[in-house]
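The values are calculated or read from the model by the stated rules, or taken from the named source; none is laboratory data. Quantities reported herein were computed from a predicted structural model and do not represent experimental measurements. Note: ideal-geometry Cβ built from the backbone for every residue, glycine included; neighbour counts use all protein chains shown. In case anyone asks, the SASA skips ligands and DNA or RNA and just uses the protein heavy atoms, side chains included. Shrake-Rupley method; radii C 1.70, N 1.55, O 1.52, S 1.80 Å.
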Amino acid sequence: MKITIENKEAKFLLRIADTALILGQRVAELCSNGPFLEEDIAQSNISLDLFGRAEELYKIIAKIEGDKYTADDYVFHRNEREYFNLKLVEQPNEDFAWTIARQYMHDVYVQEVFSQFQSSSNEELAGLSAKVLKEIRYSYLHSKDWMMRLGLGTEESHRRLQDAVSHLRKFVEEIFNWDELDREYYQDCDKIKSNWESEVNATLDACNITREDIPSQSMRDYRDGFHSEHIGHLLSIMQYLPRAYPDAKW
Amino acid sequence: MDKFQEAFDEIIEKDLKVEPRDWMPEEYRKTLIRQVSQHAHSEVIGMQPEGNWLLRAPSLRAKQVLLAKIQDEAGHGLYLYSVAETLGISRAETIEQLHQGKAKYSSIFNYPTLTWADIGAVGWLVDGAAIINQVSLQRTSYGPYSRAMVKICKEESFHQRQGYEIMCQMAFGTPEQKEMAQDALNRFWEPSLMMFGPHDADSVHKGQSMAWKIKRESNDHLRQRFIDRTVAQAEYLGLTIPDPNLKFNEETGHYETSPFNWDEFWNVVKGNGPCNTQRLDHHKRAHENGAWVREAAAAYAAKTENKVA
């Protein structure tokens, strides 16, 4: 199965859907590995929201594309270079600080994204956004609370959060390298960037995390299907069954 | 007999519930702590064999249903640790006992989930067996435990349906899928039956637990109910119960089975099953890796509470 996507809006939405799916898969890794039971349950909730969001977005994409493929086809039958998620969300759970820093930076971003989708001319997308924003709000409050706890908790938690933020900030630059599709389907790209920066900078200051200057990165853009090496491993695990048993129905 | 003992006996006699603040015999408390903490650990350790397939679930739907299910198990663990707390033992102590090997969990979770069909078999057979036991425990004499069971049973019946749905997909799927389904049934059948514990004649704690109404029905009684119910379900799937001696006894109205391999059962209970070390190590590792997170949360709470004061 070779999946092709023709429509511009579908291509654009695939970025948003893939970002939700890949982060959902990463967060699911926390299941039975959380620092305590309540947090294990919270991470499962966040992961479930992300999978649900991805599924709804793939359905919208499938509809735009004339139902040539199902949501599961998009998930299980595309290769590394055919995935268009932010590199930020495929980064591993090195420790809980990485999980939190990654989630927080993502949540602030998608809060802006789905706020703008609320006035999309695509009614399904606008409708979905209202529901999704409630979920993002919960996840955002959760990740922000943990930013504070880790940043201001103990020396060790501060050091770990600082390391995580310093690593992950390298994957932020590409988020705001807007292309034509972004400019067509967002009402205001610049606002996404300025709101993200003011919110994240304020939180990093409040939780005592420093922002070192990061030189401009030459890691090529996620919009062209460029990734870190992590993506291949994530996909090979996630796609194993449908790939190994192509005739099976699940 | 003192008045406290008399009041307790009356609660049991009248089928009322013993509540945390009521006086209870020390042995009653100990028995419950052992049973409830074992139950809590089973829920939590049980997350691992299912979690083994979470990242490989073959559809978006299967992924979400399985994750929601495992999340429920974590929630059941939470209720049950809270029930244990009402008996005077903290969650930290309970977990410490698990790590030291003093507290057990259901031996079924020491078996590996080797294929996706095992996720079906675990839901169908393991949760199926657990429900039969837990439905019976809704009438247990300790109030908080009984109420936890009522809530848990509602979710468990959804779990069993999730498992049976996977078994249907597999059994009615491609020949390879059907083979996986039969293989899963072959491996999980007998261990599921042994989940109900030793035969009544060999059960150490049975007499007193029944007298105190902690336990309401005997192991063999519950096991028989499970067998009778499950054989028909396997027939519908077109799968064969892996027991050449399985037969329906017209007189009793029950199925009869071959004797179980109790040597294997006890050896796995003692720690020598396929995954005992792996399961415990996984739990210890997650707990140890989370220590700095729990410390950070406590330190932050202390700092911000001081600020308010």
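Against the test of being of a type in the set (G, A, S), closer than 20 Å to A:S115 by Cβ and part of a helix (DSSP H, G or I), the options A:S194, A:S236 yield a single qualifying residue, A:S194.
Checking each residue of region A:110-127 against the condition of being more than 28 Å from A:H233 (Cβ to Cβ), of a type in the set (A, V, I, L, M) and open to solvent by 10 Å² or more (accessible area, probe 1.4 Å) gives at least one match. Just so you know, in region B:41-58 the residues that are within 8 Å of another protein chain (Cβ to nearest Cβ) and open to solvent by 10 Å² or more (accessible area, probe 1.4 Å) include one that is nearest to the chain's Cα centre (by Cα), and it is B:V44.
Here's the yes/no breakdown for (1) touching a residue at least 60 places away in the same chain (Cβ under 8 Å); (2) within 13 Å of chain A (Cβ to nearest Cβ):
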position	(1), (2)
B:D263	no, no
B:W266	no, no
B:G273	yes, no
B:T277	no, no
B:H282	yes, yes
B:E288	no, yes
B:W292	no, yes
B:A297	no, yes
B:N306	no, yes
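For region A:144-164, a residue qualifies if it is without any contact (Cβ under 8 Å) to a residue 24 or more places away in the chain, over 16 Å from A:Q103 (Cα atoms) and at the interface with chain B (Cβ under 8 Å from one of its Cβ atoms), and the qualifying residues are A:G153, A:T154, A:E156.
Taken over region A:208-250, the criterion of being closer than 16 Å to A:N79 by Cβ, touching a Pro at 6+ places or on another chain (Cβ under 7 Å) and open to solvent by less than 30 Å² (accessible area, probe 1.4 Å) is satisfied by A:P242 alone.
Whenever a residue of region B:230-243 is within 16 Å of B:G163 (Cα to Cα) and modelled with pLDDT of 95 or more, its partners that are β-branched (V, I, T) and assigned to a loop (DSSP other than H, G, I, E, B), lying with C-beta atoms within less than 7 angstrom and at least six residues away or across chains, give the pairs B:V231/B:I241; B:A234/B:I241. In the set (1) more than 11 Å from chain B (Cβ to nearest Cβ); (2) touching a residue at least 60 places away in the same chain (Cβ under 8 Å); (3) in contact with a helix residue (DSSP H, G or I) (Cβ under 7 Å, 6 or more places away or on another chain), A:N7 fails one condition alone, (2).
To keep it simple, each residue is scored yes or no on (1) surrounded by 23 or more Cβ atoms within 10 Å (Cβ to Cβ); (2) touching a Phe, Trp or Tyr at 6+ places or on another chain (Cβ under 9 Å); (3) at pLDDT below 95; (4) not hydrophobic (A, V, I, L, M, F, W, C).
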residue	(1), (2), (3), (4)
A:R15	no, yes, no, yes
A:L23	yes, no, no, no
A:A71	no, yes, no, no
A:N79	no, no, no, yes
A:T99	yes, yes, no, yes
A:Y104	yes, yes, no, yes
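Screening region B:76-92 for residues that are assigned to a helix (DSSP H, G or I) and touching a residue at least 60 places away in the same chain (Cβ under 8 Å) and picking the one that is farthest from the other protein chains (Cβ to nearest Cβ) gives B:T86.
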